[in-house]
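Just below is one structure, and these are the notes that go with it.
The values are calculated or read from the model by the stated rules, or taken from the named source; none is laboratory data. None of the values given here were measured: they were computed from a predicted structure. We place every Cβ from the backbone using ideal geometry, glycine too, and count neighbours over all the protein chains shown. To get the accessible areas, we keep the full protein, side chains included, count just its heavy atoms, and leave off ligands, DNA and RNA. Shrake-Rupley method; radii C 1.70, N 1.55, O 1.52, S 1.80 Å.
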Amino acid sequence: MLKKLVFVGIFWSGLSINAWAEMLIKQDLSVSIEVEAAKYISFINIRESESLRKLKSLSMEDKNIIIQTYNTLNAFLGENSICKGGSFNIEPIYAYKNGTRMQNGFETHYSLNCEFTKEQKKSYDQIIQKIEEEARKNPYLLFALPSIEKVVDEKKLAEIDEQLNMELLELAMQKAKEYSKFSKQKCSVKEINLSPIVQERAMPTMLKASLNAARDEAKSLESVNLPTAKPTQKMARGNVVFSCR
């Protein structure tokens, strides 16, 4: 949802009349739009449990137990999921003692990047539930609930940039008509210098929950409420030179 707020910043930086009776008017103009965030992002991670971090040796069977969990999740997600990624690793953890490298345990990391709308919230809940179920069954894995952030879609922002530039040009042409009427001369836009579009990034309200250490207290996770975010302001500015004859 876009709420358009048009501000006309009038800063007279000079008015000059040359020998050919051309009157030049320099003015700063600006237009702005309030953009509502409509997309949600969440970064999901599965890490090693404490028992895996302390394990000195990891058998092929144990590695396969971890891999099977990750494969199950990737198969569940499929190609058209709101969450992309699914890459993972299993690596030894080393520490140095008296100049000697020692292997202390193992670490693993599985990650997903999720983007979804309010209407896709149910799909997100199902994915979180599935990840929790599979991680709960694996003694080597630990899943903590990720944060959810409400953001403005980047493609939408690019479209708004173009829209703002067009509205700034329209505003300049409208001002030229007003100067023509006021001065009884024919005024036109002689030059317009666009400044970089400014975006006021609102601080999002993020929602984060953590799993209780007692993992068997509940049979399933509660649905997580979606967070809110303040609207984002985007503004286009330009220095305009009007010519009146």
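Condition check for residue 204 on (1) over 30 Å from residue 244 (Cβ atoms); (2) modelled with pLDDT of 80 or more; (3) surrounded by 11 or more Cβ atoms within 10 Å (Cβ to Cβ); (4) not polar (S, T, N, Q): one failure, at (2). State whether one or more residues within the range 24-47 are open to solvent by 80 Å² or more (accessible area, probe 1.4 Å), modelled with pLDDT of 75 or more and over 27 Å from the mean Cα position of the chain (by Cα). Yes; the residues of the range 24-47 include at least one that is open to solvent by 80 Å² or more (accessible area, probe 1.4 Å), modelled with pLDDT of 75 or more and over 27 Å from the mean Cα position of the chain (by Cα). Checking each residue in the range 89-125 for being touching a helix residue (DSSP H, G or I) at 6+ places or on another chain (Cβ under 9 Å) and within 25 Å of residue 76 (Cα to Cα) picks out 90, 107, 108, 110, 112, 114, 116. What are the residues in the range 56-70 that are open to solvent by 50 Å² or more (accessible area, probe 1.4 Å), over 38 Å from the mean Cα position of the chain (by Cα) and of a type in the set (A, V, I, L, M), if any? Correct list: 60 only. With respect to the stated conditions, residue 73 fails to be hydrophobic (A, V, I, L, M, F, W, C), touching a Cys at 6+ places or on another chain (Cβ under 8 Å), under 30 Å from residue 154 (Cα atoms) and open to solvent by less than 40 Å² (accessible area, probe 1.4 Å).
Residues of the range 94-131 that are touching a strand residue (DSSP E or B) at 6+ places or on another chain (Cβ under 7 Å), open to solvent by less than 80 Å² (accessible area, probe 1.4 Å), among the polar types (S, T, N, Q) and in contact (Cβ under 8 Å) with a residue 60 or more places away in the chain: 108, 111, 117. Under the condition of being within 12 Å of residue 241 (Cα to Cα), open to solvent by 60 Å² or more (accessible area, probe 1.4 Å) and either touching a Lys or Arg at 6+ places or on another chain (Cβ under 6 Å) or basic (Lys, Arg) (or both), the residues counted in the range 167-201 number 1. Determine which member of the set 84, 122, 150 is among the basic types (Lys, Arg) and not in a strand (DSSP E or B). Within the list 84, 122, 150, the selection yields 122.
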